[in-house]
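This report refers to the structure that appears directly beneath it.
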Amino acid sequence: MATKNFLIPRLPSTPLQPLKCDLFDDYPLEVYIKRDDLNHSAIQGNKWHKLKHNLLAAQHQNANTLITLGGAYSNHIAATAAAGQTYGFQTIGLIRGDELANRPEKWSPTLQQAKANGMTLCFLTRLAYRDRHTDAFQANWQSQFADKALYWLPEGGTNELAVAGFEDLITDCQHQCPDWTHLYCAVGTGGSLAGWARYAADKQTVIGVASLKQADYLIPEIETLSGKTHGKQWRLHQHAAGAGYGKENQATQTDREWFENAFGIQLDRVYTNKMVHGFLQDIRAKRLPKHAKVILYHSGGLQGNPADLK
Ligand SMILES: *Cc1c(COP(=O)(O)O)cnc(C)c1O
C-alpha cells in the first residue's frame, strides 16, 4: 500500500556548534552541542523526532484525532497540540490533576499553549490517571469520543515509532562529526536515550542523564527499545536529578547559569539543565577519557520555561 508520507517535511539539519572554554581545554575534551532546540518553532527538539513517524502512522490509519496523556508541565502535551494544529489533527490531552479543571488561571504555560493550539483538555483525578495502562481506560475514552478516529500516543510519546525517529537525527550527527565518542542526552521516559543508543556506532557511548530520581525502573524499557544492554554502549547517569523532576537545587542551578553565561545558549529547567549538570559532574569526577569528543544533545523544551525568559 502506498504511504502518503508527504505530510511531514524533512527538516533542515540543525547546527553542531563547538563549545570552547578553559575547563574543556584543560581536561582536554572536544565539546559540541547539537542545537535541536532550533529544529522547529512549535514541535521542538526531541519531540519532533518522537512524533514524526507517529504522525505518519496516524495519517495512514485515517485517524483524525491524536489523544495522549501527561502532567501539567509535559512538553509532550505541548508538542502534540502543536503537531495537531500544524498537520490537521484534532487533539485531546488527558491531564493528571483534576484540581486544574475549570481553573485556567492556574494552568502552566504548557497547558495554556496546548489550549491555544486547540487541544481538548480533560482533567483526571490522580486515581483515574493511575489506570492509564489498562485496556478499560482506553476503551472508556474511545466510547466518550465515539465520533472520532483516535490515534493513541503514550505518556511522554515514547513507543517504537518514536525511537525510530532518531535514525535521521543520528545520521545527520554522524555526517557533522563522524568520530564523536560520547553523547549526553536528557532522560524523562528514556525514549530519546533508546534512540541514540540504538543508532549509535559500536565505539560510541551514550550517557542519558535522568531528570528524575530513582530512575532505575526505566532501564528495562530502554534496553528493549534500543536492543542494547545497559552498561555496554549506553548508561543511565542517576546523580544529576538534584531536587527531583522539574525542580532545581543550588548545584543544578549553578551549573545551568554557568553554562548559559559561558556559551549564550539557554537551557530548559526540567531536562537540559540536568543533562549539563550531569556532564559537568562527570568532568569534575574525571569520568571521561582524555581527548574524548563529546556531543551535548540540546533536546529543546524551552517553551516550558518561565514566560519572562522568552
Ligand atoms: C520530553 C523531553 C525530554 C525527555 O525525553 P524522553 O524521550 O522522554 O526521555 C528531554 N528533553 C526535553 C527538552 C524534553 O522536552
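Every number here is computed from the coordinates shown, using simple stated rules; none is lab data. If you're wondering where the values come from, they're calculated on a predicted model, not measured in any experiment.
A compact table of results
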item: Per-residue HN-Hα couplings for the stretch 17-27 [Karplus 6.51, -1.76, 1.60; θ = phi - 60°; Hz; x = Gly/Pro]; result: 9, x, 10, 10, 6, 4, 4, 6, 4, 5, 4
item: The chain: calculated mean residue ellipticity at 222 nm from DSSP helix runs of at least 4, using -39500 (n - 2.57); result: -11000 deg cm²/dmol
item: Ellipsoid equivalent to the stretch 117-202 - semi-axes via the Cα gyration tensor, in Å; result: 36, 14, 11
item: Interchain or long-range residues, amide H under 5 Å from Phe123's placed H; result: Ile95
item: Eligible lysines near Lys203 by straight Cα distance, threshold 16 Å, same-chain separation 8 or greater; result: Lys228, Lys232, Lys290, Lys293
item: Derived scalar couplings ³J(HN,Hα) [the stretch 185-200; Karplus, 6.51 cos²θ - 1.76 cosθ + 1.60; whole Hz; x for Gly, Pro]; result: 9, 7, 10, x, 8, x, x, 5, 4, 4, x, 4, 5, 5, 9, 5
item: Cross-link pairs Lys52/Lys106; Lys148/Lys213; Lys20/Lys286; Lys20/Lys213 - those with Cα-Cα distance over 29 Å; result: Lys52/Lys106; Lys148/Lys213; Lys20/Lys213
item: With 5 Å bins from 0: P(r) over the stretch 37-173, alpha-carbon pairs, percent; result: 2, 10, 20, 23, 21, 13, 6, 2, 1, 0
item: Sequence-distant residues sharing a close amide H with Thr205 (under 5 Å, placed H); result: His182, Leu183
item: Distance from the stretch 222-264 to the stretch 38-109 (C-alpha centre basis), Å; result: 24
